[in-house]
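Read-outs throughout are calculated quantities, based only on the coordinates presented, and are distinct from any laboratory measurement. These figures come from a predicted structure and were not determined experimentally. Counting neighbours? That spans all protein chains shown, and the Cβs are built from the backbone with ideal geometry, glycine included.
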Amino acid sequence: MKNKRKSLIYSGLGTLILFALIFLLSNCNVSNEIKAKSGAQLWGENCLRCHNNPSPETFSDVEWDVAVMHMRIRANLTDEEAKKIAKFLKTAN
């Protein structure tokens with residue numbers, strides 16, 4: 001009886017872990033809405049909500065890389081969003 005009970009518990013835990021992994025991995029995909037947005041749109045939507053943005057011409061490409069890397073963490077941007085924003089900012093140089 002105890003072995004059957006343990007088996008059911010382990011089976012339930014395994015199923016729970018499997019569903020948790022599926023849920024987490026499915027949320028890692030970048031939404032189509034974000035994929036469709038340009039770097040300029042993402043820059044305006046994400047950066048302006050917290051502070052005034054300098055002109056893209058203000059900093060060099062290297063300086064923008066550092067700023068975008070920092071803000072990716074602070075603003076919780078995806079890798080794709082950060083790359084699009086950096087590409088947009090660098091086009092002004």
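Normalised radius of gyration (Cα atoms, divided by 2.2 N^0.38 Å) for the stretch 33-93: 0.99. Taking a Cβ cut-off of under 15 Å around Gln41, the surrounding Lys, Arg, Asp and Glu residues balance to a net charge of +2, with basic ones at +1 and acidic ones at -1.
Can you tell me the order of 43-51, 83-91 when each peptide is scored by its average per-residue count of other Cβ atoms within 10 angstrom, highest first?
83-91, 43-51
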